[in-house]
1. Report the charge-dipole magnitude of chain C in Debye, nearest 20, computed about the Cα centre from +1 at each Lys and Arg Cβ and -1 at each Asp and Glu Cβ.
2. Using the charge dipole of the range C:122-204 (Lys, Arg: +1 at Cβ; Asp, Glu: -1 at Cβ; taken about the Cα centre), state which of C:190, C:158, C:174 has its Cα farthest towards the positive end.
3. Label position 7 Å from Cα toward Cβ: report the copy-to-copy distances for residue D:115 in nm, one decimal, ordered from shortest.
4. Run through every distinct alpha carbon pair of the range B:87-227 and return the Kirkwood hydrodynamic radius in angstroms, one decimal place.
5. Taking the Cα centre of the protein assembly as shown as origin, sum charge times position over the Cβ atoms of Lys and Arg (+1) and Asp and Glu (-1), and report the length of that vector in debye to the nearest 20.
6. What figure in square angstrom, to the nearest 10, would you give for the accessible area of residue A:181 with a 1.4 Å probe?
7. How large is the charge dipole for the range D:119-267, taken about the Cα centre, if only the Cβ atoms of Lys, Arg (+1) and Asp, Glu (-1) carry charge, to the nearest 20 debye?
8. Could you give the angle, 0 to 90 degrees to the nearest 10, between helix B:156-166's Cα long axis and the longest principal axis of the Cα atoms of chain B?
Number of protein chains: 4
Amino acid sequence: MDTWRTAIVDAGPGHIRVKGYDVLDLMQRASFTDLIFLLHHNRLPTAGERRLIDAILIGVADHGAGAPSCAAARLAASGNRASLSAAVAAGLLTIGDEHGGAGSGCMELIASGLARMASDGSSLTAAARGVVNEAKVRGSRLPGFGHRVHSATDPRVPVLFALAEESGLARDGVRFARALEDAVGELITPLPLNIDGALAAVLVDLGFPPPVGRLIFIIGRVAGLSAEVLEEHTREKPMRIKIPVTYDGVAARPVGADPCVGSNREE
Amino acid sequence: MDTWRTAIVDAGPGHIRVKGYDVLDLMQRASFTDLIFLLHHNRLPTAGERRLIDAILIGVADHGAGAPSCAAARLAASGNRASLSAAVAAGLLTIGDEHGGAGSGCMELIASGLARMASDGSSLTAAARGVVNEAKVRGSRLPGFGHRVHSATDPRVPVLFALAEESGLARDGVRFARALEDAVGELITPLPLNIDGALAAVLVDLGFPPPVGRLIFIIGRVAGLSAEVLEEHTREKPMRIKIPVTYDGVAARPVGADPCVGSNREE
Amino acid sequence: MDTWRTAIVDAGPGHIRVKGYDVLDLMQRASFTDLIFLLHHNRLPTAGERRLIDAILIGVADHGAGAPSCAAARLAASGNRASLSAAVAAGLLTIGDEHGGAGSGCMELIASGLARMASDGSSLTAAARGVVNEAKVRGSRLPGFGHRVHSATDPRVPVLFALAEESGLARDGVRFARALEDAVGELITPLPLNIDGALAAVLVDLGFPPPVGRLIFIIGRVAGLSAEVLEEHTREKPMRIKIPVTYDGVAARPVGADPCVGSNREE
Amino acid sequence: MDTWRTAIVDAGPGHIRVKGYDVLDLMQRASFTDLIFLLHHNRLPTAGERRLIDAILIGVADHGAGAPSCAAARLAASGNRASLSAAVAAGLLTIGDEHGGAGSGCMELIASGLARMASDGSSLTAAARGVVNEAKVRGSRLPGFGHRVHSATDPRVPVLFALAEESGLARDGVRFARALEDAVGELITPLPLNIDGALAAVLVDLGFPPPVGRLIFIIGRVAGLSAEVLEEHTREKPMRIKIPVTYDGVAARPVGADPCVGSNREE
């Protein structure tokens, strides 16, 4: 088998280096958030960058036991007590375009808008309207807008944007996200940016590629899932969860009533 | 919480019915393959339909311990012995567009080609060429063609198609898949249908929607993954797997060399 | 890297053999259930054995959309539409000692009882009473007994045992499971065998090792999970599931109220 | 359905509170590591506690692309590109008693030793020897000792213990772990504490229950898995991974050679 290659970690007897830094130095001097930044970038963050990544990770870590990710983790914790990793993984598996994954999609939206501005010199407003109109024509949803609980405003958005402004790190990404929000309100219906849209804007300004929008959500949420699984084990009995279900399908019927089976069974 | 609705299973104290059939009758008279068909359809299969589903499930169940799905299941079985379900699940998670999932994509291709024939009256050959040309223009891969091991011919394809012909169940789906194979050879390069492409053709002819192409692969492969996990537990020591890795990233550097960290750490 | 070894599948350009059988022959002549038996054994099943494995797989495939496995699969299908395998895997991850996994534990119980009979010549009744008393002393649950829905009788049990009797395949495993059920009733409380206990007894009689008790449940259930995921995609909107939650933890408090944080934040 | 209860997060329109703290305050003032501490405790950490948790999370985040967790994540990233969460989850599923999970087991070992000291007044040395002798008698492995790469010394252990000493947080847990290491060397064979054993000692001293030993590994490792998955997508082609396999099972045989199948197929 060919050797795999990697530019992330170099580990061997007695040494572990992450992107060239000795893990022992990092253990003594860096924060976990620094390491997360480093793993997805090629350097350690500045203080301002660190604050933004901390804020994002904290903002997405947990939104209550009933969120799909938390609920799935609890169902697995309830039926499969022997494996903590299985329960956390079950929670992660609910994360996709529809739950927790909009950050990546919104980063692509922002990137395409910024590319348009660069290529044809259109203004921020015009480029944002262009992006919204295209989504409208395609009938596709705009990732990063609207929240089923925080329908009026997602309170995390202004806080994250204020932190980005304070540290001078809010640039075209944040500006474009705000222009998108205006364009959505004018061309479709008022629909506020949600935390996924806000973290997308900030991550674009920090220089990350679109997949990081979803990966950073995953990293943050796993902290919450871990706590949810621990609480399920600590406070609840196994198999306590019952979901009420109503059957509305085909009425009871004998197997013989199906002509195929009758004949099949005689063969 | 609202009650969920379902048209699959009605279970309550003392009874379980699958699509209206008493599970006790099914246990006595049906095969597991019959049940699989029933769960994804609204009736039990005929003998010919059953043979095709059996052949598909057998054909995809296992392709050797080194396939991505089997290898991932073995890695999980090796590190996390306490949870058999976690190991099988790790294997399933490798299944997607690039591994085991081409059946769904190919069913969509076939469906679009058949829709074109119905709407504009184009011939089988013309419709297949149209589908291939569109993929060529988009630069997208054609799901269901080519196999990294069976590069000349996937031996399972002619066997599955012969079974479909024998039972009179090979219809437009099979015909269109063959026309696609010809068009690929003419317009791109000779690239044989693989088992995913063949099962796609058959499942279209049996009336299943595209997602079933991937789901049937999942159902078949889980039988193989189960055996792979059992063999790993039975024959191997935990943590025996070592993947050789070469690091080709940033050279070793002191944390202080990064100006950001120095200053951050003093704040 | 060392080559891995396997005794399951031999696959190379143009050929795939499962335990020595050409997959092309199996596709034409065997059922999926035959293959499942073969993958976990070293031979194909007899007609009687096949009927029992079919009955087990059908019996465990699905118990309604609200079972933990099905509910977790639906939550993942609801939030992460792009990956069918992730949704099925999320369902599998709920399977463990407490849900769907009792078959393995019960097979170990039966095996230990049969070993006791063989070593000290104790009677079926005495050995069963011994096993139950030991569990009572340890305060451990008896896997394979009781069901939260079928509290009086699990209707699948007598059907499976009758099939085993009819085909002459009910041996010491089935006899011991019945003796265990009697001993539980006498020494603890009447608690009926459930499907996991019944399949355990049958699988012992068919010569399978304990892990197969859980693996066969996994294989059967994945068919149900597949159908549940397909129904969620087909009938429901993404993110439709809301689990009601009541918070009963620490009251709202300012971050400053925690002395640690105040001081930390000043550093 | 009954409402679920939770003491972790209270979220509703316009507000999210974690253990009573407004998430907006935390986003502005806390670090992600503070939040991780808070989620598994009932308060925010001191500066010294934060440093230890940071060091642990950094120490376990990644050990190279060939570790079972990273390799499984890459296999899933390679076959199932559409779902980042599935790839990260596949990596997590390899974590168990044998890989990354020893922290929990070692915390239980330390807790049982400390309980023995408290109950019968035995000395640190005697209690550690007692624990080791019991494991020796049972023939069970001692979780937290030995490492397949760092066979002489795991370099992360002295660094973590030094940080604990410096901040005055090294207490009975760290002392007992060291006594265990001595007892292992005397009674079995010299086998150094590994990072799992060291983090177990520190987490006991910080007041966490045993499951947190594994959960903290999961939280740290997910950061590494995320980077591994991103690298696989960025640098490698889908399906590039080939594991070499040697078949050593039953020789090729015709299906007819099995008497059961011949007869079955005629029935």
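The values are calculated or read from the model by the stated rules, or taken from the named source; none is laboratory data. Because the structure is predicted, anything quoted here is derived from the model rather than measured. Counting neighbours? That spans all protein chains shown, and the Cβs are built from the backbone with ideal geometry, glycine included. Protein only, heavy atoms only, side chains kept; ligands, DNA and RNA dropped before computing areas. Shrake-Rupley method; radii C 1.70, N 1.55, O 1.52, S 1.80 Å.
1. Its charge dipole is roughly 280 debye.
2. It is C:190, whose Cα lies furthest towards the positive end.
3. Distances between equivalent label points, in nm: 2.6, 6.0, 6.3.
4. Values: mean 1/r = 0.0655 Å⁻¹.
After inverting the mean inverse Cα-Cα distance, the result is 15.3 Å.
5. Working: 108 positive and 120 negative charges, 1 e Å.
With only Lys, Arg, Asp and Glu charged at Cβ, the dipole is about 0 debye.
6. 60 Å²
7. On the way: 17 positive and 19 negative charges, 48 e Å.
It comes to approximately 240 debye.
8. So the inclination is approximately 20 degrees.
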